[in-house]
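Readers should treat all values here as calculations from the given coordinates under stated rules, not as data from a laboratory. All of these numbers come straight from a predicted model, not from anything done at the bench. Here the Cβ positions follow ideal geometry from the backbone for every residue, glycine too, while neighbour counts run over all protein chains shown.
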Amino acid sequence: MASKKSPVAVLMGSDSDLSSMQNCVDQLKYFGIDPIVRILSAHRTPAQAGEFARTAKDNGVKVIIAAAGMAAHLAGAMAAHTTLPIIGVPLQATEGPNGLDALLSTVQMPPGIPVGTMAIGKAGAKNAAIYAVQILALSDKTLSDKFDQFRAEQTAKALQKDAELNQRG
Ligand code: RP5
């Protein structure tokens, strides 16, 4: 596996997760971050997943985003093997209870080994990217300025929609 360098890694348990996680990758790229993207599973490829977590810090990764559906243990498994901050994204798999299974599997970490858990699905995927940027922006002025601009534009867009709605009324 070629060792691409990036401060952010986006991991997912299956290629079936990519339709949701593309939102995460796209949001990171908006901020100028080209992430490492890997399909690694806590259950199907546990050795490779553990190895990734154990070597990530030395390879220059600063934040790991880990997404999975069903019994979603990928984020927790990452957290077990590294001191880097882990952002978990619970996903709705094709079968099962609407992602609630993955939400509980991701969020209910034992005390001492946290996973910052996002919303289920595409919203969580996008927010994982934004949250990673917020972490990196603490020590990156350029990124911090870009993030401030993103928030200001988001506010302006929401206010514009409010204004348009009320003009129609
Ligand atoms: C999880 O099982 C994956 O993250 C995926 O959301 C779910 C189903 O995987 P596939 O059977 O679609 O590969 O490990």
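Normalised by the number of residues in the range 83-169, the average gap of Cα pairs under 8 Å and 6 or more apart makes the relative contact order 23 percent.
Comparing Thr155, Thr117, Thr82 in a Gaussian network model of the chain, where Cα atoms under 10 Å apart are tied by springs, the biggest mean-square fluctuation is seen for Thr155. Put in order of Cβ neighbour count within 10 Å, fewest first, the listed residues Tyr30, Tyr131 become Tyr30, Tyr131. The alpha-carbon atoms of the chain define a convex hull whose volume equals 135 cubic angstrom per residue. Between amide H atoms placed 1.01 Å from N, distances below 5 Å from Gly69 occur with Gly13, Leu91, all of them 5 or more places distant or on a separate chain. GNM on the chain, alpha-carbon springs under 10 angstrom: the most fluctuating residue among Lys157, Lys146, Lys62 is Lys157. Ordered by the number of other Cβ atoms lying within 10 Å of each residue's own Cβ, fewest first, Phe52, Phe31 fall into the sequence Phe31, Phe52. Each label point was placed 7 Å from the Cα along the Cα-to-Cβ direction; for Lys5 and Thr142 their separation is 1.4 nm.
Mean separation of Cα pairs under 8 Å and 6 or more residues apart, divided by the residue count, gives the range 1-94 a relative contact order of 32 percent.
What relative contact order, as a whole-number percentage, does the range 48-129 give when Cα pairs under 8 Å and 6 or more residues apart are counted?
28 percent
Couplings 3J(HN,Hα) for the range 20-25, derived from phi with the Karplus relation 6.51 cos²θ - 1.76 cosθ + 1.60 (θ = phi - 60°), are 7, 6, 4, 4, 5, 4 Hz, where x marks Gly and Pro.
What trypsin sites (Lys or Arg not before Pro) in the range 1-37 are in a loop by DSSP, with at most 16 other Cβ atoms within 10 Å of the Cβ? Of the trypsin sites (Lys or Arg not before Pro), the ones in loops of the range 1-37 whose Cβ has at most 16 other Cβ atoms within 10 Å are Lys4, Lys5.
Between Glu153 and Ala47, what length comes free when the chain is fully extended (0.36 nm per residue of separation minus the Cα-Cα distance, one decimal in nm)? Each step should come with its number before you reach the end.
Numbers: separation 106, 0.36 × 106 = 38.16 nm, distance 4.28 nm.
Length difference between fully extended and current span is 33.9 nm.
Between beta-carbons, use under 15 Å as the cut-off and find the net charge around Gln134, counting Lys and Arg +1, Asp and Glu -1.
Result for the local shell: +2.
Between the range 16-45 and the range 138-155, how many Å separate their Cα centres? So the two Cα centres are separated by 22 Å.
Projected onto planes of every orientation and averaged, the convex hull of the alpha-carbon atoms in the range 69-169 covers 9.1 nm².
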